[in-house]
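Taking it in order: structure first as structure tokens, then the write-up.
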Amino acid sequence: GMHNIPGASSSSSATEPIHVTLHKLRLTKGSRSFVSVEWLCGALLSSTFEADLNKINPFHADVETIRSLLVAFMLRSNRAHLGSQTIGQAQQLLGFMAMIRVLHSCTTTQGDALDDAVLQLKALAGRFSVDFELSADVTATLTSIAGGIKQHFQQFRRTLVDQLSIERHYATIEHNESGAPASVTLDPRFLVFEFVFSIVLRQRQVEMIRWFHSNITEGTSRVQQMIMGQGKTTVVGPILALMLADGDTLVTQVMPTALLEQSRNVLRKCFSVVIPKQIYTLQFDRSVDDSDEVVESLYQKLASARKNRALIVSPPECIKALLLKYIEQLHSLEATTEEDLYGSLATMNDTRRDRESQIVREKATRRSKMADAIVPILQMWRELSLIHISE
């Protein structure tokens, strides 16, 4: 474990300070936690990294050295995975080129050699989902599938070139007075996200996340459009949630009901290791009984989620139902007259009318309390919350 890196001393137990020995004994006993790689990577996002590390291991090495080693470790790990992917894509391109060579050889061979070439060709074609029937006129067959072959080849080639020329778009190189590179500055939130999911963020994704974040910090609402497959649900949404769920802001992601389960599973996958976060689902129905207890319980859950930096997911129907329930209660109270509540002089001694007035008063009281309980939730959404809508 990386608990051996901090305080990596080669001195013997006879010469080390007694408090260091005691710390090692507590680690062995289990009354102290080891500093794991997972914990260090997550703690790298903390603005109080050194203080957090001191609480677990006060005998660590230089903090800047540890931080630099963590960054190098994540960059190297991500690059190794990227290299493995690139090798696989290069092998795929070579296999496709081999299929083209065999396909071409079918025009110059006959007899048993042609039969062998056809079998080899079909085996290769199955790997790349290229369907065709080799007729007696081989040249005609080649002509009919040439367009599809060319399209496949260009796609494989483009994918490999993109993989070889990929860049990290969130790193800024600082130069010295002579113009030579002096240092590199990067956002650890992007780095940790790349490390956890073994991806490299695209330039468009980084630009959009930064654009949204800068506008949100200025209090400006913005809308952006991305086509399907560009990472709205799996990249942009989770990273924005990571940046904005800071203990003061409640982050709520709203999506169509059909996408709720998928989006929730993506967030739970994103925030299950290294940077764990709770994912809660907002559930509210307009047909719920008039009760302030239900709404107060909902408010306590939302307040706890905000404080603990958890995330809320919700279909739009639930948020609309809460707003409409509030308006419905206000309209109902507004339509209730004093006579409905207390009766009139003509019905002062009417026992039946008194019971009806009592029922109206009790119902109005429940509705009033429920409306009052909804107000703090609406205020939280207005002042301390960010609602991210994903379609």
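The values are calculated or read from the model by the stated rules, or taken from the named source; none is laboratory data. Bear in mind the structure is a predicted one, so any value in this text is a computation, not a measurement. For neighbour counting, all protein chains shown are included, and Cβ atoms are generated from backbone atoms with ideal geometry for every residue, glycine included. For the accessible areas, the whole protein counts, side chains as well, though only heavy atoms, and no ligand, DNA or RNA atoms are used. Shrake-Rupley method; radii C 1.70, N 1.55, O 1.52, S 1.80 Å.
Worth a mention:
A quick yes/no check of all residues on (1) closer than 24 Å to Phe49 by Cβ; (2) open to solvent by less than 50 Å² (accessible area, probe 1.4 Å); (3) assigned to a strand (DSSP E or B):
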position: Ile149; (1), (2), (3): no, yes, no
position: Gln155; (1), (2), (3): no, no, no
position: Arg158; (1), (2), (3): no, no, no
position: Gln163; (1), (2), (3): no, yes, no
position: His169; (1), (2), (3): no, no, no
position: Arg189; (1), (2), (3): yes, no, no
position: Val192; (1), (2), (3): yes, yes, no
position: Phe195; (1), (2), (3): yes, yes, no
position: Gln225; (1), (2), (3): no, no, no
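- When restricted to residues that are of a type in the set (Asp, Glu), surrounded by fewer than 17 Cβ atoms within 10 Å (Cβ to Cβ) and touching a residue at least 40 places away in the same chain (Cβ under 8 Å), the stretch 245-292 contains 2.
- The residue of the stretch 331-344 that is most open to solvent (accessible area, probe 1.4 Å), among those that are hydroxyl-bearing (Ser, Thr, Tyr) and part of a helix (DSSP H, G or I), is Tyr342.
- For the stretch 41-54, the tally of residues that are open to solvent by less than 50 Å² (accessible area, probe 1.4 Å) and under 19 Å from Lys24 (Cα atoms) stands at 2.
- Sole exception among (1) open to solvent by less than 70 Å² (accessible area, probe 1.4 Å); (2) assigned to a strand (DSSP E or B); (3) modelled with pLDDT of 85 or more; (4) of a type in the set (S, T, N, Q) for Thr185, by number: (1)
- Within the stretch 309-334, residues that are hydroxyl-bearing (Ser, Thr, Tyr) reach partners that are assigned to a helix (DSSP H, G or I) and open to solvent by 50 Å² or more (accessible area, probe 1.4 Å) with beta carbons closer than 6 Å, at six or more positions or on different chains, in the pairs Ser332/Arg367.
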